Amino acid sequence: QALYGYGPAPSKSERKAVLWTFLSAAGAFALWLPVLVVQMQMIREAAFWVTAFSLANLAKVFLAYSGLVFTMASSVFYLPARTWVLASLGLFFAAALGMGLRRGPRSAVVWLSVGLAIPWLLSYWQPSLFVWYRYPVLMLPAFTLLAAAGLLVIKPRALGVLMALVCLGSQVWGDWVYFNRFQKANPKAVVAYVHRLRRPDPLVVRPFYFAELFTFYDQDTTAVLDEHLLDSPDKRAALRDRRLILLSFDVP
């Protein structure tokens, strides 16, 4: 981001402002580095699910940037369309990006290429440093700038306008699907299953992080207890003679 702002700044004072802004942000971020050192010592065990270093991981960033396919929580989001539609949208975005890389601002090219290349190369040593559908979102503005720049120079002009409308339309469609039809996990199904299991006066013991989602779908129709409240023998003894439904990681 600093490279993007510093390169085209027309005056010395503006470049100085960009530099001080970058240094201020980097200085504040540096306070987290001691925590990072501790995290790096245990991250291999905590990130066993991250795929190994590969060229495919870098290529799949394009899918997330274009909004066609990406992972969210325990589910995969994709536009509900036939393969040829998804492929066509991907070609539109690829053509826009290709033209943007050739004719767009050089500082945006540097921002995108360096911003993706460094963590991707580091993932050869530590795969969890590059998760294609997570951290690369920091470079999404650079992708958007380059794709927009590419659409502006496509000839004939009518074709560029048509491609821009299709790309924007796919994003609006994706937003609607994401917020109205997509579930990032399975809380709704879990609560429905609990309702099938329950008998008179059941008690659901749930993880604390699941409390708000459970309450939303249950609408306070089932007695619940957060599992962290069972941290003593006396409290656990109070559960005797109760019919219990235990929820563990969103699974009953």
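The values are calculated or read from the model by the stated rules, or taken from the named source; none is laboratory data. Everything quoted here is computed from the prediction, not taken from an experiment. Backbone-built Cβ (ideal geometry, glycine too); neighbour counts: all protein chains shown. The accessibility values were calculated without ligands, DNA or RNA, using every heavy atom of the protein model including side chains. Shrake-Rupley method; radii C 1.70, N 1.55, O 1.52, S 1.80 Å.
Quick notes on this one:
- Cβ-based charge dipole, the chain, positive-most Cα from 120, 139, 96: 96
- Here the Gaussian network model covers the chain, with springs between Cα atoms less than 10 Å apart; of 140, 162, 229, 229 fluctuates the most.
- Mean projected area in nm² (Cα convex hull; one quarter of hull surface) for the range 1-149: 10.5 nm²
- The charge dipole of the chain, taken about its Cα centre with unit charges on the Cβ of Lys, Arg, Asp and Glu (plus for the first two, minus for the last two), comes to roughly 840 debye.
- Within a straight-line Cα-Cα reach of under 29 Å, residue 155 can be paired with the following lysines, leaving aside sequence neighbours fewer than 8 residues apart in one chain: 60.
- Counted by Cβ distance under 13 Å from residue 181, the other residues give a net charge of +1, where Lys and Arg count +1 and Asp and Glu count -1.
- Using the Karplus relation 6.51 cos²θ - 1.76 cosθ + 1.60 with θ = phi - 60°, the per-residue 3J(HN,Hα) values for the range 241-248 come to 6, 9, 7, 10, 10, 9, 9, 10 Hz, with x marking Gly and Pro.
- Residue-averaged [θ]222 nm for the chain, counting only DSSP H segments that reach four residues, each worth -39500 (n - 2.57): -18000 deg cm²/dmol
- Point-to-point label distance, residue 165-residue 219, nm (Cα→Cβ direction, 7 Å offset): 4.3 nm
- Only protein heavy atoms count here; on that basis, with a 1.4 Å probe, residue 120 has an accessible area of about 40 Å².
- Once backbone amide H atoms are built at 1.01 Å from N, residue 224 has 204 as its partners under 5 Å, excluding neighbours fewer than 5 places away on the same chain.
- Whole-angstrom Cα spans of the chain along principal axes, big to small: 74, 47, 34
- GNM result for the chain, Cα springs below 10 Å: residue of 27, 169, 160 fluctuating most strongly: 27
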